[in-house]
Amino acid sequence: MAHIVLDSLVKRFGKQTAVDKLSLEIKDREFIALLGPSGCGKTTTMNMISGLLKPDEGDIYFDGQSVIGTPPGKRGVGFMFQNYAVFTFLNVYDNIGFGLKIRKLEEDEIRRRVNEVARLLQIRHLLSMSASALSINDMQRVALARSMITEPKIFLLDEPLSNLDAALRATMRAELKKIQQEAGQTAVYVTHDQVEAMSLADRIAVMNFAVLQQYDTPYNVYNRPTNLFVANFIGSPTINFFEGVYKKGAFAVSDFKDGAIPVSRKFHKDVEESLTQERVVVGVRPEHLKVRGDKKGSSLNLKAKIVSYEPLGSKTVVYMHPDGNPDVIVKSVMGSGYKPKLGEINFIDFEEKNVYLFDKQTEDLALRFS
Amino acid sequence: MASIRMEGITKRFKNTEAIKNLYLEINDGEFFCVLGPPGAGKTTLLRLIVGLETPDKGGIFIDDEPVGGIHPSKRDISMIFQNLALYPDKSVFDNIAFPLRQQKIEENIIGERVTKVAKDLHIDWLLEKIPSQLSGGERQRVAIGRAIVRQPKAYLMDEPLSNLDALLRLEMRVSLKELQTDLKETFVYVTHDQVEALSMGDRIAVLNQGELQQVGDPETIYQEPSNMFVATILGSPPMNFLKCAVSKKEGAVSIKHGPISFEARGRDCIEAMKKIGGGESVILGLRPEDVSIHEAGGGVPAEIYVIEPLGNETIVDVTLGENVIKVIAEPDFEGSSGQKITLDIDCAKLHFFDPETHRCAHHASEKDDIRVIG
């Protein structure tokens, strides 16, 4: 267990800055995710936390003590990698006890701790089995057990589920979360998969091009993204963005022929104060954007042509081109069994409370209407 | 336009059967998806159709004509590979024109066809550039353009979008589907991504270890999977499975898993249960979206294992008897691990699988009159 602080970390590789003044605090027992596209700096950050890389600037504290001078082996860091790296020539007991054997602990002590960790991870029944005969599910637990037994202060997981097929990944995600909750280890999980980050983490650090974009709970990162990048990166299908200008109490959005989105009077002042200039990006998540045959009861006159739809069983994702711009794709999530007619023009509708307003110039979130 | 038929196809590599006794019919003008995990035999299937592999047994027919013995170049089928294989030193125009020049078509006709195809794919402004100057999506379109310009009988695509990032993949999916609708040609599209298959296919063939599992339109295979493999591969999160004990009652059959008991009165259901697991056991399949969570009160008692908030919905992992099942809840669902809750199960959406063969014995419906009792 440990309280970790990253203070203005900088790492450069030649002329490239891989991590740019990253400051982050991870509470004891917290499970955080470092999330971002490849090249964003998440793996470099993890490598600095573990000690495999030395930062060029800044500091890292474990429980108040700087660990910059401490070699990786002495920082109390446990790892879990993508390929598990379980020793196939040993049995499960010897795999788990490996780290302790290296440290020359007494046999009795090793046995006690192996049994304890195996009980926690529900793999006691596998202890005498050869590691080469394990299912992927069990191999993951053995790899975890092997790391956990050394009682690391912090667990670093580098996309450990990416080698698994979709169904197994879904199961193992829940298992991993449960185990972390019970074991109470501080954990840092590196991933490019926003579903994984959302499902597992207490807080998510979203990174892009070496810079921390937002560090917040899954709920906030989804509902109050700090900028266009975060809003677009989190959520599947991705958020719809409509560009336009704010004038006289309404957004005039250029992708639709009649792209006027009126703003309730009570918000006029808030909108004016939150924008630095008139150009805006109006964001609406697909689950809040509905396809309708008519515009009854709606204040909008936005039309779009259906080009494709995905019947995903539990829901249907509909893809459309707005009537003013055939190069843009508008996405809507409708119920299962919804069958639109390809090529047909429909109305799209959404409520003001579901709009994310971004300032086009700064790219920051200006306002949520609630 | 062409129909493609495979009859009794078996293909071996050394000691492994990559394709086992496959019977498949692809209709003229269809967008046909082949879905399966890595190693299922999907690429082998495409290579057999195009002629890069020869079957050890069975026959392949294109437009009802047998193609055994006909060289790939004469089968008039275009194949788009994952790595695109564009000519790096040729311009976009020359890449697309290449197959036509091979056929020694007149230059001015080539000019017309290439320009038209490039316009349709929104790459006409890139005709002078070379591949290294293009983005991933643009290169993808050049590969597609090169395949289209030949006006082949059918298009085979081997996971063409898997190297693209998520956003681009989505755009290309929509583009490809629009293209196929315009061209009205037969597309055979291979993928391991169930979302791709569900969204693009008119029909989907699910393949596992060289064996065909099921063929049908997306809705049917999703609602009525023929076995546990198909039930798992489609749907996210995947279907939950509960091993249950079956016992006969007066005019009904009782299906039990731990603390939960179902009773089914419909004759079809009762008959189906008799025929599997020695009449004593069954594997119950339940999709996460067919179960809902309630605070307390009437319903199946369960406990929250872990909560996964995904933003647009929340997946709640719930302990039920010996198993943990996944349930989809609203995005603002609040709860904590260990919390006792009750579940409301849509009994008309249950699936019953044979515990030995894993084949589906019965898909529940309203007629089965299935209820939760105790």
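The values are calculated or read from the model by the stated rules, or taken from the named source; none is laboratory data. Note that the structure is predicted; figures quoted are calculated from it, not measured. Please note: Cβ atoms are built from the backbone with ideal geometry, for glycine as well, and neighbour counts cover all protein chains shown.
Is it true that some residue in segment B:194-216 is surrounded by fewer than 18 Cβ atoms within 10 Å (Cβ to Cβ), under 15 Å from B:Gly41 (Cβ atoms) and of a type outside the set (S, T, N, Q)? Among the residues of segment B:194-216, at least one is surrounded by fewer than 18 Cβ atoms within 10 Å (Cβ to Cβ), under 15 Å from B:Gly41 (Cβ atoms) and of a type outside the set (S, T, N, Q), which makes the answer yes.
When A:Ala231, A:Ala205, A:Ala201, A:Ala187 are checked against the criterion of being over 12 Å from the mean Cα position of the chain (by Cα), small (Gly, Ala, Ser) and either outside the structural domain of A:Gly99 (by TED's automatic domain parsing) or on the phi < 0 side of the Ramachandran plot (or both), A:Ala187 stands alone in meeting it.
Filtering segment A:332-345 to residues that are within 10 Å of chain B (Cβ to nearest Cβ), out of contact with any Ser or Thr (no Cβ under 7 Å at 6 or more places or on another chain) and either among the small types (Gly, Ala, Ser) or surrounded by 21 or more Cβ atoms within 10 Å (Cβ to Cβ) (or both) leaves A:Val333, A:Gly337, A:Gly343.
Residues of segment A:291-317 that are in a strand (DSSP E or B), more than 26 Å from B:Arg203 (Cα to Cα) and away from every other protein chain (no Cβ under 14 Å): A:Arg292, A:Leu302, A:Lys303.
With B:Ser247, B:Ser162 as the choices, which residue is outside any strand (DSSP E or B), more than 10 Å from chain A (Cβ to nearest Cβ) and surrounded by fewer than 19 Cβ atoms within 10 Å (Cβ to Cβ)?
Values: B:Ser247 fails: outside any strand (DSSP E or B).
Step by step, each of B:Ser247, B:Ser162 is checked, and only B:Ser162 is outside any strand (DSSP E or B), more than 10 Å from chain A (Cβ to nearest Cβ) and surrounded by fewer than 19 Cβ atoms within 10 Å (Cβ to Cβ).
Inclusion of A:Gln194 among residues that are of a type in the set (S, T, N, Q), within 11 Å of another protein chain (Cβ to nearest Cβ) and closer than 30 Å to B:His192 by Cα is warranted.
Here B:Ile315 meets the list (1) surrounded by fewer than 21 Cβ atoms within 10 Å (Cβ to Cβ); (2) under 24 Å from the mean Cα position of the chain (by Cα); (3) within 8 Å of another protein chain (Cβ to nearest Cβ) almost entirely, failing just condition (1).
Of the residues screened, B:Glu356 is not one that is outside any loop (DSSP other than H, G, I, E, B), outside the structural domain of B:Asn208 (by TED's automatic domain parsing) and either over 30 Å from A:Pro286 (Cα atoms) or not basic (Lys, Arg) (or both). When A:Phe242, A:Phe229 are screened for being over 28 Å from A:Leu342 (Cα atoms) and either at pLDDT 95 or above or in a loop (DSSP other than H, G, I, E, B) (or both), only A:Phe229 passes. For segment B:87-109, residues that are surrounded by fewer than 20 Cβ atoms within 10 Å (Cβ to Cβ) and either under 27 Å from B:Asp63 (Cα atoms) or not basic (Lys, Arg) (or both) total 16.
What do you reckon, is A:Ala145 on the phi < 0 side of the Ramachandran plot and in contact with a Pro (Cβ under 9 Å, 6 or more places away or on another chain)?
no
A search for C-beta distances below 6 Å between a residue of segment A:205-218 that is farther than 12 Å from A:Leu24 by Cα and part of a strand (DSSP E or B) and any residue that is of a type in the set (Phe, Trp, Tyr) and modelled with pLDDT of 95 or more, counting only pairs 6+ apart in sequence or on different chains, returns A:Asn208/A:Phe229. Scanning segment B:192-229 for residues that are within 14 Å of chain A (Cβ to nearest Cβ), within 25 Å of B:Met172 (Cβ to Cβ), out of contact with any Lys or Arg (no Cβ under 7 Å at 6 or more places or on another chain) and of a type in the set (A, V, I, L, M, F, W, C) yields B:Val195, B:Ala197, B:Leu198, B:Ile204, B:Val206, B:Ile221.
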